[in-house]
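What follows draws every value from the coordinates through simple rules; no lab data is involved. Keep in mind it's a predicted model, so treat the numbers as computed, not measured. Don't worry about glycine lacking a Cβ; one is built from the backbone with ideal geometry, like all the others, and counts go over all protein chains shown.
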Amino acid sequence: MSHDHNHLKEALDTLKQTGVRITPQRHAILEFLIQSMAHPTADDIYKALEGKFPNMSVATVYNNLRVFREVGLVKELTYGDASSRFDFVTTEHYHVICESCGKIVDFHYPGLDEVEQLASHVTGFKISHHRMEIYGECPECHSNKEIH
């Protein structure tokens, strides 16, 4: 879990530098986001942590996620009309999204960083970020179809 641990340490350092108070709840939410590869919704996070923090509400979770988003630690993913999912920002990565069940899987492809340089060069824009979404069918949904 050392890889997760580094991410948590970096995240906490970022919060300290930006002057955000690190409450036990914030710590727990960050830790959960880092460990969870499934891009949880605020609801998922709330359900996972309500046992530890009985007086925490979904609103608290949202507010904390908003704080994290503002300091750039967390990305809010809105795809279609589903509720927002939150993704801990590590390196640039892309999302492959299943059109049947809505599962989102991370996909790393460092070569695409050049796209930003090219875009900037061609248009003169100062590029802040880009996102790419790839749609398809996850292996589970695909094999379920073949059975029926």
What number in nm² do you get for the chain if you take the convex hull of its Cα atoms and divide its surface by four?
11.8 nm²
Cysteines in the chain lacking a second Cys C-beta under 4.7 Å
Cys101, Cys141
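Among the listed pairs Lys47/Lys126; Lys52/Lys145; Lys103/Lys126; Lys16/Lys103; Lys16/Lys47; Lys75/Lys145, give every one whose C-alpha distance is greater than 29 Å.
Details: Lys47/Lys126 40 Å; Lys52/Lys145 40 Å; Lys103/Lys126 32 Å; Lys16/Lys103 33 Å; Lys16/Lys47 27 Å; Lys75/Lys145 32 Å.
Cα-Cα > 29 Å for Lys47/Lys126; Lys52/Lys145; Lys103/Lys126; Lys16/Lys103; Lys75/Lys145; rest within.
What value, in deg cm²/dmol to 500, does the helix sum -39500 (n - 2.57) over DSSP H runs of n ≥ 4 give at 222 nm once divided by the residues of the chain? Can you show the working numbers first?
Working: 6 runs with 69 residues, N = 148.
Taken over the chain, the calculation gives -14500 deg cm²/dmol.
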Would you look at the GNM of the chain, springs on alpha carbons closer than 10 Å, and say which of Leu33, Leu73, Leu118 moves the most?
Leu118
Need one word for the stretch 22-66: rounded, prolate or oblate. Basis is the Cα gyration tensor (sqrt eigenvalues a ≥ b ≥ c); a/c below 1.5 gives rounded, then a/b vs b/c decides.
rounded
Build a GNM of the chain with springs between Cα atoms under 10 Å: which of Lys75, Lys103, Lys126 gets the top mean-square fluctuation?
Lys126
